[in-house]
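Reviewing the structure listed below.
Computed from the coordinates by the stated procedures, all read-outs in this text should not be read as laboratory data. Worth saying up front: this structure is predicted, and the values here are computed from it rather than measured. Glycine gets a Cβ as well: all are built from the backbone with ideal geometry, and neighbour counts include every protein chain shown.
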Amino acid sequence: MYYNYILNNYNSMSQTQIDTLMNDYKTLSDNLNDFNIKYAKYIKSTQANSIPSSNCSSTDPTCFTELEKRNITEDVLNGKENTIIGYIDKVNADIEVIKNSKDNITQKTYNDNYKEILKKENSINVTRKDLDGKIKELQNSIKANDIKSQYDSTLYTGIIFSVVATTMLYYTFTKL
């Protein structure tokens, strides 16, 4: 149940939320497995004609040792049950935090926002191309104006030198 929730809502969860939920879920799962093994051993040890095994694994629910028969009591099982209920509540609280979180978005909202961002990008690219063209046109007209100004200044400078040279020649020949 919780694993499916994570898979279905992965895009709307922050990494911290995922880590917290997964750690709590793993702890819940481990406690539940431990409870199931102890409960099976408790049931097996309380049955009539049940004989403890000397070479039984602590994870094998089909047999029990003398020590396990003494240690696994109803109180131990009730304590484990309360621990499991606590972790179930904690995992449910984690899911509620995720559901109520401000950065929680659905896949549809994500897709809609993504499409809107792509539209804005396309619009910006079109506007940029238009502005680039206008800037290039301005730069070309400025270059053309600079070339024309340079040509005009060269022309006028030549005329001024001609006038000065002619005047000097005139005064030179008329005063001599």
**OP:** Could you calculate the FRET efficiency of ASN92 with ILE51 from 1/(1 + (r/R0)^6), where r is the beta carbon distance between them and R0 is 30 Å, rounded to 0.05?
**Re:** 0.10
**OP:** Pick out which of LYS148, LYS129, LYS90 has the largest mean-square fluctuation in a Gaussian network model of the chain, springs linking Cα atoms closer than 10 Å.
**Re:** LYS148
Original post:
Of the residues VAL164, VAL126, VAL76, which exhibits the maximal mean-square fluctuation in a Gaussian network model of the chain defined by a 10 Å Cα contact cut-off?
Top reply: VAL164
**OP:** Using a 10 angstrom cutoff on alpha carbons, build the Gaussian network for the chain and name the most mobile of GLN150, GLN15, GLN47.
**Re:** GLN150
**OP:** Among LEU28, TYR114, TYR42, pick out the residue whose Cα is farthest towards the positive end of the charge dipole of the chain, where Lys and Arg carry +1 and Asp and Glu carry -1 on C-beta, about the Cα centre.
**Re:** TYR114
**OP:** Give the calculated FRET efficiency between THR166 and GLU137 to the nearest 0.05, with a Förster radius of 45 Å applied to their Cβ-Cβ distance.
**Re:** 0.55
**OP:** Order these peptides, 130-143, 27-40, by their mean beta-carbon neighbour count within 10 angstrom, highest first.
**Re:** 27-40, 130-143
Original post:
In nm, to one decimal, how far is the modelled label at ASN122 from the one at GLU74, with both set 7 Å along Cα→Cβ?
Top reply: 7.1 nm
Original post:
Okay, which of region 122-144 sit inside 15 Å, backbone N to the point 7 Å along the Cα-Cβ direction of SER153?
Top reply: 143-144
